[in-house]
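Working notes, structure below.
What follows is calculated from the coordinates using simple rules that are stated; it is not laboratory data. Quick caveat, the model's predicted, so the values are computed rather than measured. In this analysis, Cβ positions are derived from the backbone assuming ideal geometry, glycine residues included, and neighbour counts consider all displayed protein chains.
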């Protein structure tokens with residue numbers, strides 16, 4: 001059975017759950033019971049075994065959440081706070097766009113601009129009155145780049161809007177810190193009070 005012992009968490013796998021239920025039925029109805037996989041009894045066993053196994057997996061996942069070396073996702077983000085650190089969040093790349101066209105025309109926030117090769121899409125964060133400039137954000141999280149003069153295609157046709165470009169390169173964003181990256185940084189942070197001077201300096205940084 002799934003249980004927590006002095007040696008750690010021991011989980012019962014699905015194949016073992018099936019074997020336990022089969023043995024229980026044989027003990028009740030005798031060795032002549034039909035346990036053929038296509039039979040009704042075997043299918044019922046599979047349903048009950050899978051249900052029990054789902055609980056086994058949930059219990060194992062909860063147990064692993066208390067270990068910084070096995071916790072993942074939100075559980076890991078919460079756990080490392082005990083060490084005074086936080087997961088580095090992802091960020092979108094941003095860029096300043098220059099719009100030109102009929103004077104006085106207002107382009108709404110969320111206006112889309114595409115790179116010349118149509119590989120990236122950017123949306124304005126505020127409205128802009130032509131001619132004018134506005135900051136735009138890439139629609140994809142991460143370090144998307146855009147060299148000067150490469151964001152020149154209109155993704156949202158608007159009356160009076162003629163041209164768009166970026167005089168400067170985009171400021172790259174970043175991906176969210178992965179579980180493994182956070183785990184390594186957490187391990188390094190615990191060497192702050194280490195006896196080794198180099199490890200302590202590295203941990204403090």
Which percent of the Cα-Cα distances in the chain go past 28 Å?
-> 61 percent
Roughly speaking, what is the centre-to-centre gap between the stretch 57-85 and the stretch 126-158 when only Cα atoms are used, to the nearest Å?
-> 39 Å
Over the stretch 100-140, how many percent of alpha carbon pairs lie in each 5 Å bin up to the one with the longest distance?
-> 6, 25, 27, 22, 15, 4, 0
Given the options 110, 90, 39, state which has the largest fluctuation in a GNM of the chain using a 10 Å cut-off (strictly under) for Cα springs.
-> 39
If one compares the long axis through the Cα atoms of helix 40-64 with the longest principal axis of the Cα atoms of the chain, the angle in degrees, nearest 10, works out at 60 degrees
Quick one: pull the percentage of alpha-carbon pairs in the stretch 54-115 with a separation above 16 Å.
-> 67 percent
Can you tell me the relative contact order of the chain? Whole percent, Cα pairs under 8 Å, sequence separation 6 or more.
-> 18 percent
Arrange the peptides 123-134, 60-71 so that the one whose residues have, on average, the most other Cβ atoms within 10 Å appears first.
-> 123-134, 60-71
Can you give the Rg to Rh ratio for the stretch 1-118, taking only C-alpha atoms and Rh from Kirkwood?
-> 1.38
Placing one equal point scatterer on each C-alpha of the stretch 3-64 and summing with Debye, one gets log10 I(q)/I(0) at q = 0.12, 0.17, 0.18, 0.25 Å⁻¹ equal to -0.36, -0.63, -0.67, -0.99
Can you tell me the equivalent ellipsoid semi-axes for the stretch 92-165? Use √(5λ) from the Cα gyration tensor, largest first, whole Å.
-> 20, 12, 10
Using Cα atoms only, what is the angle between the long axis of helix 179-189 and the major principal axis of the chain, expressed in degrees (0 to 90) to the nearest 10?
-> 90 degrees
Put in order of increasing Cβ neighbours within 10 Å, starting from the fewest, 81, 154 give 81, 154
Most fluctuating residue of 184, 33, 85 in a GNM of the chain with Cα springs under 10 Å: which is it?
-> 33
Taking Cα atoms, the helix 14-29 axis meets the longest principal axis of the chain at an angle in degrees (rounded to 10) of 30 degrees
